[in-house]
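Trainee: Structure incoming, see below.
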Amino acid sequence: MRKEEGELLGAEELLDEYADMVYRIAFVQMKQSSDADDIFQEVFLRLVEHIHTLKSKEHAKHWLIRVTINCCKKYFDTSWSKKRVGMDEYLLEQKTISQDENVENLLEACLSLGEDQRTVIHLFYFEGYSVREISQLLELSESAVKTRLSRARDALRLKMKGDFFE
């Protein structure tokens, strides 16, 4: 891949730039840090294999988001993931993300959303993508993205019952 100045852009530079974003997306999708770690590793192994196909830094960012989401979906289709019992609640109790109880409740509510709703909420609020950009990344219509965002917000409002909304 080439930088604007014509120098080669390497996987290590992309790892430094986008590692946090890829891990956050994987964690939101997988709900467990160990699974997110596996997805993270898989995504950057694929990056090393396909870096020659990436045209720009922005193209690489979109590619990483798409590959992360696809790896998560693929993981859910495996027989291993179907036979496991989730430890979501246990991990949320053991790993305190913030001392603020409202933030913990919001995180728990976000993690309890369905995959489609978690994805659009994360991309919109945490990664700062517009509805149009999310529709392109997820290969959905803009109205489908808006519908998912609206339903996710309604679900969060119900789950939070007054923590933030009253």
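The values are calculated or read from the model by the stated rules, or taken from the named source; none is laboratory data. All values reported here derive from a predicted model rather than from experimental measurement. Cβ atoms come from the backbone with ideal geometry, glycine included; neighbour counts cover every protein chain shown. Please note that ligands, DNA and RNA were not included when accessible areas were found on the heavy atoms of the full protein model with its side chains. Shrake-Rupley method; radii C 1.70, N 1.55, O 1.52, S 1.80 Å.
Trainee: Mind listing whichever residues of the range 34-50 are under 17 Å from the mean Cα position of the chain (by Cα), aliphatic (A, V, I, L, M) and either at positive phi or open to solvent by 70 Å² or more (accessible area, probe 1.4 Å) (or both)?
Mentor: none
Trainee: Could you list all residues from the range 12-56 that are under 13 Å from residue 67 (Cβ atoms) and outside any helix (DSSP H, G or I)? Let's see the steps before the verdict.
Mentor: Of the range 12-56, the ones under 13 Å from residue 67 (Cβ atoms) are 14, 18, 21-22, 25-26, 29, 39-51, 53-54.
54 - this is the single residue of the range 12-56 that is under 13 Å from residue 67 (Cβ atoms) and outside any helix (DSSP H, G or I).
Trainee: Quick check on my filter: what residues within the range 51-69 are without any contact (Cβ under 8 Å) to a residue 40 or more places away in the chain and surrounded by 14 or more Cβ atoms within 10 Å (Cβ to Cβ)?
Mentor: 63, 67
Trainee: Quick check on the range 97-106. Is at least one of its residues open to solvent by 40 Å² or more (accessible area, probe 1.4 Å), at pLDDT below 75, in a loop (DSSP other than H, G, I, E, B) and in contact with a helix residue (DSSP H, G or I) (Cβ under 7 Å, 6 or more places away or on another chain)? Walk me through how you get there before you give the answer.
Mentor: First pass over the range 97-106, keeping only residues open to solvent by 40 Å² or more (accessible area, probe 1.4 Å): 97, 99-106.
Cutting the leftovers down to at pLDDT below 75 gives us 97, 99-106.
This time we only want the ones that are in a loop (DSSP other than H, G, I, E, B), so: 97, 99-100.
Checking the rest, the ones that are also in contact with a helix residue (DSSP H, G or I) (Cβ under 7 Å, 6 or more places away or on another chain) come to 97.
There is at least one residue in the range 97-106 that is open to solvent by 40 Å² or more (accessible area, probe 1.4 Å), at pLDDT below 75, in a loop (DSSP other than H, G, I, E, B) and in contact with a helix residue (DSSP H, G or I) (Cβ under 7 Å, 6 or more places away or on another chain).
Trainee: I'm checking my understanding of the structure. Among residues of the range 142-166 that are at pLDDT 90 or above and open to solvent by 70 Å² or more (accessible area, probe 1.4 Å), which one is farthest from the chain's Cα centre (by Cα)?
Mentor: 143
Trainee: Give 139, 133, 93, 127 a once-over and let me know the one that is at pLDDT below 85 and open to solvent by 60 Å² or more (accessible area, probe 1.4 Å). I'd like the intermediate steps shown before the answer.
Mentor: Numbers: 139 fails: at pLDDT below 85; 133 fails: at pLDDT below 85; 127 fails: open to solvent by 60 Å² or more (accessible area, probe 1.4 Å).
Going through 139, 133, 93, 127 in turn, just one is at pLDDT below 85 and open to solvent by 60 Å² or more (accessible area, probe 1.4 Å): 93.
Trainee: Residue check: is residue 149 of a type in the set (A, V, I, L, M), out of contact with any Leu (no Cβ under 8 Å at 6 or more places or on another chain) and in contact (Cβ under 8 Å) with a residue 24 or more places away in the chain? Steps first, answer last, please.
Mentor: Numbers: of a type in the set (A, V, I, L, M): yes; out of contact with any Leu (no Cβ under 8 Å at 6 or more places or on another chain): yes; in contact (Cβ under 8 Å) with a residue 24 or more places away in the chain: yes.
Answer is yes for this residue.
Trainee: Still on this structure, I have one more. Answer yes or no as to whether residue 37 is at pLDDT 85 or above and within 25 Å of residue 113 (Cα to Cα). First the steps, then the outcome.
Mentor: Working: at pLDDT 85 or above: yes; within 25 Å of residue 113 (Cα to Cα): yes.
In short, yes.
Trainee: Identify all residues within the range 116-145 that are charged (D, E, K, R) and farther than 19 Å from residue 20 by Cβ; write none if there are none.
Mentor: First, pick out the residues of the range 116-145 that are charged (D, E, K, R): 116, 118, 127, 132-133, 139, 142.
116, 132, 139, 142, listed by residue number.
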